[in-house]
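The values are calculated or read from the model by the stated rules, or taken from the named source; none is laboratory data. Predicted model, so just to flag it, every value in this text is computed and none were measured. Cβ atoms come from the backbone with ideal geometry, glycine included; neighbour counts cover every protein chain shown.
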There are 2 protein chains.
Amino acid sequence: MRIGFYQFSPAFGDIEKNLEMLRGSFAKELPHILVLPELAFTGYNFVNREEAIKYAEEIPGPLFEEIRSLSKEKGVAISTGFLERVGDNIYNSAVFVSPEGDYYVYRKVHLFYKEKEIFSPGDRLFVFEYRDAKIGMLICFDWIFPEAMRTLTLMGAEVILHHANLVLPFCQDAMITRSIENRVFIVTANRTGVEDRGGERYVFTGRSQVVAPGGKLLLRVGDEVTGVFSVDIDPDIAGDKNINRFNHLIMDRRQDIYRC
Amino acid sequence: MRIGFYQFSPAFGDIEKNLEMLRGSFAKELPHILVLPELAFTGYNFVNREEAIKYAEEIPGPLFEEIRSLSKEKGVAISTGFLERVGDNIYNSAVFVSPEGDYYVYRKVHLFYKEKEIFSPGDRLFVFEYRDAKIGMLICFDWIFPEAMRTLTLMGAEVILHHANLVLPFCQDAMITRSIENRVFIVTANRTGVEDRGGERYVFTGRSQVVAPGGKLLLRVGDEVTGVFSVDIDPDIAGDKNINRFNHLIMDRRQDIYRC
């Protein structure tokens, strides 16, 4: 399986322009799964909930249909952050769309900073299958809670699609630790650029990457580079949680004495 | 509070020589707490259980009394790995001894590789107070399970004393992640040198370090350097689990949806 990310700087509030950039990026490489950043089509730095809700859409809405048709046309599964509306609530969500038309929606569980004033938190971590790989999704700040990826691992996830708008410098290296402690593949699709609106200035840190079980960095790009990058992986490897013939990462857990 | 480690290469099976090295190391610096590696007085690479048991002692035994008198004489709390016997069982343990004569014994919970053929596993993680700091102890491979340090954090630990005989290259950087996700101080006291016995050759990776809450590396030494190194810390900082005014590392956990 070939897996990759699209690192770029979304134009704030301009869904059509961001779609155009994505379409343009497809010229070069076609992985089986392409991961995009958090809120990849709207930008991130909303002044308040009222502004954000204008860009939100219920699934299946127009942006979703564009992504679905692009996925079908190119034969590429696309997993992207987007701003979801469900009734009166809005969510910092990600949707995985397959060329066959199947889709899965994850709603960010751990909201960061002022996101708490804008979004409702998600209430579900889950794993699904695509091309015989077991896939889990996370969004940005979810990374800091080891319980999140541990839960996905215990649910059987082999590949974690991590949609990010990272502004702190820690996550990329921490994901190496996560892949050591869980023996999973992790694709972190981060954005680049700056958003300076409403008194908050965010500088996004790029350095999107793919990490293999055991903490092997397969691919990492620079903090400002733009484009689609991908690498071949064998998701089955993540099914083996043995570190050596005595130690198994999951069976060696001591749930009898943990208090977390 | 000043906290430090003694990185060195223990002589295998020669407790008196290792004690002598420790005594000699005190000339330069005197932290309030000095952390020593795992199994610092016996060496690590026992051929089998029968060999290991010869070096084990019940507390309070002769090595313990030597450490206690050294602690009292120098006014330094000493936390060191040692080979503990309890009835017919032996443990890969660590003992914290204060100059006032108090002591706490931790038994390694997650045994690595052939340790499973030699030691019994511990069954308790705990936190104690010393000089107004809340202290937790771990030994080497315990690091790879995020639940271990999370449990100590939830028990109130501010400073983790991590006694190590690391042979893999991952832990030192992973401890930066651990201190980001838990906002604790972590002192990793690792050993140097090589032990080649009974068909197993271990090269220990040194690079002992002290990390502050938020992943700040305060001190890291080389992979072969020997000596006592220390740094001033304020354990109270670890009591603040706020990342910003919206996010609290513990209160933001979503135990309602984790399955671990």
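What the table shows:
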{"quantity": "First in segment A:117-136 and within 13 Å of A:Thr153 (Cα to Cα) and within 14 Å of chain B (Cβ to nearest Cβ), second anywhere and assigned to a helix (DSSP H, G or I) and not aliphatic (A, V, I, L, M), Cβ under 7 Å, 6 or more apart", "calculated": "A:Leu125/A:Thr151"}
{"quantity": "Some residue of segment B:156-168 being closer than 20 Å to A:Gln255 by Cβ and of a type in the set (A, V, I, L, M)", "calculated": "yes"}
{"quantity": "Single match in B:Asp102, B:Asp142, B:Asp132 (criterion: modelled with pLDDT of 95 or more and under 14 Å from the mean Cα position of the chain (by Cα))", "calculated": "B:Asp142"}
{"quantity": "Cβ-Cβ under 8 Å pairs, at least 6 apart or on other chains, segment A:214-242 side farther than 19 Å from A:Asp173 by Cβ, far side exposed (fewer than 13 other Cβ atoms within 10 Å of the Cβ) and modelled with pLDDT under 95", "calculated": "A:Gly227/A:Lys28; A:Val228/A:Lys28"}
{"quantity": "Identity of the residue in segment B:140-177, within 11 Å of chain A (Cβ to nearest Cβ) and touching a Gly at 6+ places or on another chain (Cβ under 6 Å), that ends up farthest from B:Gly215 (Cα to Cα)", "calculated": "B:Leu152"}
{"quantity": "Hits in segment A:210-236 - residues which are among the hydrophobic types (A, V, I, L, M, F, W, C) and more than 14 Å from chain B (Cβ to nearest Cβ)", "calculated": "A:Val210, A:Leu218, A:Leu219, A:Val221, A:Val225, A:Val228, A:Phe229, A:Val231, A:Ile233"}
{"quantity": "The lone exception for B:Gly239 - which of (1) surrounded by 16 or more Cβ atoms within 10 Å (Cβ to Cβ); (2) away from chain A (no Cβ under 12 Å); (3) within 17 Å of B:Lys134 (Cβ to Cβ); (4) of a type in the set (Gly, Ala, Ser) it fails", "calculated": "(1)"}
{"quantity": "Where A:Val105 falls short, out of the listed (1) surrounded by fewer than 22 Cβ atoms within 10 Å (Cβ to Cβ); (2) over 14 Å from A:His163 (Cβ atoms); (3) hydrophobic (A, V, I, L, M, F, W, C)", "calculated": "(2)"}
{"quantity": "Test: B:Glu66 is in contact with a Leu (Cβ under 8 Å, 6 or more places away or on another chain) and acidic (Asp, Glu)", "calculated": "yes"}
{"quantity": "Elements of type helices (runs of 4 or more DSSP H) in segment A:1-78, at least 3 residues being free of Cβ contacts under 8 Å to residues at least 12 places away in the same chain", "calculated": "A:15-25, A:62-74"}
